[in-house]
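One structure is given below, encoded as structure tokens.
The values are calculated or read from the model by the stated rules, or taken from the named source; none is laboratory data. Just so you know, these numbers come straight off a predicted model, no measurement behind them. Cβ coordinates were reconstructed from backbone atoms using ideal geometry, including for glycine residues, and neighbour counts include every protein chain displayed.
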Amino acid sequence: MTKPVIVWFRRDLRLNDNPALNEARAVGGAVIPVYVHDEAGEAAWSSGGASRWWLHHALSRLSEALRARASRLIIRKGDSSAALIDLIKETGAGAVYWNRRYESAIVARDAMIEAALNERRIATRSFNGALLFEPHTIKNKQGGPFQVFTPYWRHCLAQAVAEPVSLAKGAFKQTRKWPVSESVDALELRPRLNWADGFARHWEPGEEGAQRRLKDFLKASVGSYAQQRNLPDMDGTSRLSPWLHFGEISPRQIWSALRACSRESGVFPANASARIFLSEIGWREFAYHLLAHFPHTPTRPLRVNFENFPWAEDSDGEKLRAWQRGQTGYPIVDAGMRQLWQTGWMHNRVRMIAASFLVKHLRLPWQRGAEWFWDTLVDADLANNTLGWQWSAGCGADAAPYFRIFAPVAQGERFDREGGYVRRWIPELAKVPNKWVHQPWKAPESVLNDAGVKLGEHYPKPIVDHAEARIAALAAFKAMRTAGSGS
DNA sequence: TTTTGAGTTGTTCGA
DNA sequence: GTCGAACAACTCAAA
């Protein structure tokens, strides 16, 4: 009789286009879906607070979806290797299948588990469930990894992309006796305090929620993506990032759905908007490419001369705290940081502005920003977070040149012209007229009085002066360069 | 090996 | 208000 196969779910919390699950069902025996909550195994990057909230709901939805197929999700806590070996003993499973991950600590751990299982004569198979182009399959002509996006993505687009595979209909083959499982609640993923209560108004974790969101985006927003993706007051971006992170949707499914939309025009991608959206998926691929080939980059700069960048002092943490709490006095920055806190997400345009502000105006290390985002974003993803922060700081691959310092007032006026975004997240400024809403400190006394705002009381004065901070940042970069070349 | 062209997302200044 | 140039120099990728 065919032995059961364990499907080890990780960052692939979906039933459709799940190669490990598909292949396990194809074996013909029982399938035992398993999730192991192994915080120590995640090393330095176990899920942050906001991600844990999402994970709680993602696991609940996956568990329900499996029950609808007459199956179950078996949940265990603790060391992954020990949990899998226990389950093999309890179920008589002959194999473990999973979809690959790319963080260096996880790659190393998975290799050890594979060896340990093979030693016990348990078959293991791993699959690509998370990427269009896995890092080891993409090489430049010198045989090395790409470090510039454009040639990387051009190269990728010349490769074939596999079609997503839908889950075959019908119930799963049953195991004779289900092993015991923890409840999702027992993982204690939701915060003890109720700070995440607002998240549920903004998000619908789970595979169905992902498909609904993709459909809505393709119907309503992708056509105007080129123009509207930069306007934080609009729903112009896909907002698929958290579902993508947990693998509730795969990039293959997105690629395929986008191509179906382009069918009428006979060209793929059909237009500038579709091409730009696809290239955003490409940036995610590029981030995984870089993380796999430069595994030290979550904590250390890719460009080594940035190791001795002269960051500013902030011994009491006051500046960092002002940034985290949305109290810098620059409305577009503060609105973003408050959106992040309240919803677990921040619009991409504002992420760039807020990141640039931390790194260039406050001159605090990008790692502090990356840590905060890791804890507060529902879409926190090691590859994307690392690339984004190193790009903003200017120390990464294909990064922003050092002289590119976002001006928060100009950015606010350009991308949030009516101030709707700022007013939504900073109610103190609700009555400040458009002309001053991005720089209330410049407004005449009478205007502020009419708006009911006293600066320094209801809303802070700017904690740094833009022009001075800009000059200081340029000087710091210059100092780093001279220090680097001198030795 | 050497050379050449090019590189997500900006800002400021001065005409 | 609008426009183009300067910002400074470096690294990558391909020929």
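Are any residues in the range A:138-164 surrounded by 16 or more Cβ atoms within 10 Å (Cβ to Cβ), more than 9 Å from DNA strand C (Cβ to nearest atom) and either free of Cβ contacts under 8 Å to residues at least 24 places away in the same chain or part of a loop (DSSP other than H, G, I, E, B) (or both), and if so, which ones?
Let us first name the residues in the range A:138-164 that are surrounded by 16 or more Cβ atoms within 10 Å (Cβ to Cβ), namely A:138, A:145-147, A:149, A:152-153, A:156, A:164.
Within this subset, residues satisfying the condition of being more than 9 Å from DNA strand C (Cβ to nearest atom) are A:138, A:153, A:156, A:164.
Passing the criteria: A:I138, A:P164.
Among the residues of the range A:440-487, count how many are within 18 Å of A:F357 (Cβ to Cβ), of a type in the set (V, I, T) and not in a loop (DSSP other than H, G, I, E, B).
Result for the range A:440-487: 1.
Looking at (1) assigned to a loop (DSSP other than H, G, I, E, B); (2) closer than 26 Å to A:W345 by Cα; (3) out of contact with any Pro (no Cβ under 7 Å at 6 or more places or on another chain), which is the only condition A:S51 fails?
(1)
Residue-by-condition table, conditions (1) modelled with pLDDT of 95 or more; (2) within 23 Å of A:K442 (Cβ to Cβ); (3) crowded, with 22+ Cβ neighbours inside 10 Å:
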residue: A:L320; (1), (2), (3): yes, no, no
residue: A:T328; (1), (2), (3): yes, yes, yes
residue: A:G336; (1), (2), (3): yes, yes, yes
residue: A:W372; (1), (2), (3): yes, no, no
residue: A:L382; (1), (2), (3): yes, no, yes
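Considering each residue of the range A:247-293, count those that are without any contact (Cβ under 8 Å) to a residue 12 or more places away in the chain and either assigned by TED's automatic domain parsing to the domain that holds A:L21 or touching a helix residue (DSSP H, G or I) at 6+ places or on another chain (Cβ under 7 Å) (or both), and give that number.
3
Please go through the range A:221-250 and pick out each residue that is part of a loop (DSSP other than H, G, I, E, B), closer than 26 Å to A:A65 by Cβ and of a type in the set (G, A, S). Break it down into steps so the answer makes sense when it comes.
Initially, the range A:221-250 is screened for residues part of a loop (DSSP other than H, G, I, E, B), giving A:221, A:229-240, A:246-250.
Pick out the ones that are also closer than 26 Å to A:A65 by Cβ and you get A:238-240, A:246-250.
Matches in the range A:221-250: A:S238, A:G247, A:S250.
Within the range A:280-307, restricting attention to residues that are assigned to a helix (DSSP H, G or I) and away from DNA strand C (no atom under 16 Å from the Cβ), which residue is surrounded by the fewest Cβ atoms within 10 Å (Cβ to Cβ)?
By that ranking, first place goes to A:E280.
Could you tell me which numbered condition A:G396 fails, if it satisfies all but one of (1) within 14 Å of DNA strand B (Cβ to nearest atom); (2) modelled with pLDDT of 95 or more?
(2)
Please go through the range A:388-398 and give me each residue that is part of a loop (DSSP other than H, G, I, E, B) and either more than 10 Å from DNA strand C (Cβ to nearest atom) or in contact with a Pro (Cβ under 8 Å, 6 or more places away or on another chain) (or both), ordered by number.
Within the range A:388-398, A:G394, A:C395, A:G396 meet the criteria.
With A:L62, A:L66, A:L73 as the choices, which residue is within 21 Å of the chain's Cα centre (by Cα), under 25 Å from A:G206 (Cβ atoms) and either of a type in the set (G, A, S) or not assigned by TED's automatic domain parsing to the domain that holds A:S250 (or both)?
Every option except A:L62 fails the conditions.
Kindly provide the set of residues from the range A:1-25 that are more than 24 Å from the chain's Cα centre (by Cα) and of a type outside the set (A, V, I, L, M, F, W, C), ordered by number.
Once the filter is applied, which keeps residues that are more than 24 Å from the chain's Cα centre (by Cα) and of a type outside the set (A, V, I, L, M, F, W, C), the range A:1-25 yields A:T2, A:K3, A:P4, A:N22, A:E23, A:R25.
Of all residues being more than 24 Å from A:D465 (Cβ to Cβ) and out of contact with any helix residue (DSSP H, G or I) (no Cβ under 9 Å at 6 or more places or on another chain) in the range A:399-445, which is farthest from DNA strand B (Cβ to nearest atom)? Just the residue, please.
Top of the filtered list is A:P427.
Among the listed residues A:R321, A:R368, A:R351, which satisfies the condition of being basic (K, R), within 14 Å of DNA strand B (Cβ to nearest atom) and part of a helix (DSSP H, G or I)?
When all the criteria are applied, what remains is A:R351.
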